[in-house]
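Working notes, beginning with the structure itself.
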């Protein structure tokens, strides 16, 4: 069977390690892309919806994947106050102004008697059967209790105290040998140093030694003039202000070349990091790893095949994508297909560019 992704290629070469994943806020199930690791995948999914965890458990065929129904908190002795809402006051006020909340209000009565699947699709997790809010867990403590001392991937998306959950990992990410973190972030706020906002998340992650490799921005329209939804359910819209998004952080091994942590990382860890970056649609960063650690990775995977897979990934619109060596050779000729053809630029866009140039001419040298 042909290997179609770097993750699959890496999974086939893992011997001493597995791909260890922790998903905090796992309603809907684990991201299908990680199933490429097959039986080398080990995971814990945590969610406040006990009903959803039961459904996921019943459907799971990998004995090394566990779903835990519980609320999470930075302190085990601090019960969850469900009446406080899913985020900081400022975020809650902003959320209530959005069109998706108006749709939620319109559909509220129907959702109360809808299936769990439909409730979760509408992000109405609080309408499902919930875990006990008086008995939350601290996520790093849960990992320790289960004997997890090594973790590759952490995802946090709870529609709640994501920022506080993330802070509970302060100083604990490096001992876990964590490679990558996926986080839901907010682009609105009042600038407070402890609010769940992107600027605080980004500062925290960089202090923990992680770099930003991808950032997805989701726009949301207000209820004053709703825009079309992007998905079949009420959420982000085709226009509107940046409201929330997804931030992807990883260890930048190339930047840390020569440091103790980078040199001590196992070859299988490096291969898994490359697979993560490829799965994030950042194949260039994955290629850097394969090239720099070529000799160490040779025992795990065919590096040339891995580079070819990444090159193909970098040519999503090509009917006949080139292999890595041919792709790089073509780039060195500075070919026109690495640029946007001028003829495909709409007239309106060209006129706007010309007008901007007229209003802001380059300074004379």
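Structure notes:
- Flag if residue 173 is within 20 Å of the chain's Cα centre (by Cα), assigned by TED's automatic domain parsing to the domain that holds residue 111 and surrounded by fewer than 17 Cβ atoms within 10 Å (Cβ to Cβ): no
- The set of residues in the range 135-160 being assigned to a helix (DSSP H, G or I) and out of contact with any helix residue (DSSP H, G or I) (no Cβ under 7 Å at 6 or more places or on another chain) consists of 140, 141, 142, 143, 144, 145.
Residue-by-condition table, conditions (1) surrounded by 20 or more Cβ atoms within 10 Å (Cβ to Cβ); (2) within 21 Å of the chain's Cα centre (by Cα); (3) free of Cβ contacts under 8 Å to residues at least 40 places away in the same chain:
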site: 243; (1), (2), (3): yes, yes, no
site: 248; (1), (2), (3): yes, yes, no
site: 257; (1), (2), (3): no, no, yes
site: 270; (1), (2), (3): yes, yes, yes
site: 274; (1), (2), (3): yes, yes, no
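- Taken over the range 258-306, the criterion of being outside any helix (DSSP H, G or I) and in contact with a helix residue (DSSP H, G or I) (Cβ under 7 Å, 6 or more places away or on another chain) is satisfied by 293, 299, 300, 301.
- Some residue of the range 44-56 being in a strand (DSSP E or B) and either out of contact with any strand residue (DSSP E or B) (no Cβ under 7 Å at 6 or more places or on another chain) or surrounded by fewer than 23 Cβ atoms within 10 Å (Cβ to Cβ) (or both): yes
- Candidate set: the range 1-41, residues that are touching a residue at least 40 places away in the same chain (Cβ under 8 Å) and in a strand (DSSP E or B); chosen: the one nearest to residue 161 (Cα to Cα): 24
- Any hit, the range 205-213, residues being free of Cβ contacts under 8 Å to residues at least 24 places away in the same chain and either more than 20 Å from residue 26 (Cα to Cα) or not assigned by TED's automatic domain parsing to the domain that holds residue 256 (or both): yes
- The set of residues from the range 220-240 being in contact with a strand residue (DSSP E or B) (Cβ under 9 Å, 6 or more places away or on another chain) and surrounded by fewer than 15 Cβ atoms within 10 Å (Cβ to Cβ) comprises 223, 228, 230, 238, 239.
- Every listed requirement among (1) surrounded by fewer than 20 Cβ atoms within 10 Å (Cβ to Cβ); (2) part of a helix (DSSP H, G or I); (3) at pLDDT below 95 is met by residue 163 save one, (1).
To keep it simple, each residue is scored yes or no on (1) over 24 Å from residue 29 (Cβ atoms); (2) at pLDDT 75 or above; (3) under 25 Å from the mean Cα position of the chain (by Cα).
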site: 86; (1), (2), (3): no, no, yes
site: 94; (1), (2), (3): yes, yes, yes
site: 97; (1), (2), (3): yes, yes, no
site: 102; (1), (2), (3): yes, yes, no
site: 105; (1), (2), (3): yes, yes, no
site: 109; (1), (2), (3): yes, yes, no
site: 115; (1), (2), (3): no, no, no
site: 123; (1), (2), (3): no, no, yes
site: 132; (1), (2), (3): no, yes, no
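- Condition met for residue 11 (touching a helix residue (DSSP H, G or I) at 6+ places or on another chain (Cβ under 6 Å) and either surrounded by 16 or more Cβ atoms within 10 Å (Cβ to Cβ) or at pLDDT 90 or above (or both)): yes
- Residue 223 satisfies every condition listed in (1) in contact with a helix residue (DSSP H, G or I) (Cβ under 7 Å, 6 or more places away or on another chain); (2) within 25 Å of residue 156 (Cβ to Cβ); (3) assigned by TED's automatic domain parsing to the domain that holds residue 154 except (2).
- Of the set (1) farther than 30 Å from residue 304 by Cα; (2) in a loop (DSSP other than H, G, I, E, B); (3) under 19 Å from the mean Cα position of the chain (by Cα), all apply to residue 205 but (2).
- Per this entry, residue 217 is not counted among residues that are within 22 Å of residue 78 (Cβ to Cβ), surrounded by fewer than 20 Cβ atoms within 10 Å (Cβ to Cβ), outside the structural domain of residue 284 (by TED's automatic domain parsing) and touching a strand residue (DSSP E or B) at 6+ places or on another chain (Cβ under 7 Å).
- Flag if residue 60 is within 25 Å of residue 178 (Cβ to Cβ), surrounded by fewer than 18 Cβ atoms within 10 Å (Cβ to Cβ) and free of Cβ contacts under 8 Å to residues at least 12 places away in the same chain: yes
The values are calculated or read from the model by the stated rules, or taken from the named source; none is laboratory data. Because the structure is a prediction, the values reported are computed rather than measured. Glycine gets a Cβ as well: all are built from the backbone with ideal geometry, and neighbour counts include every protein chain shown.
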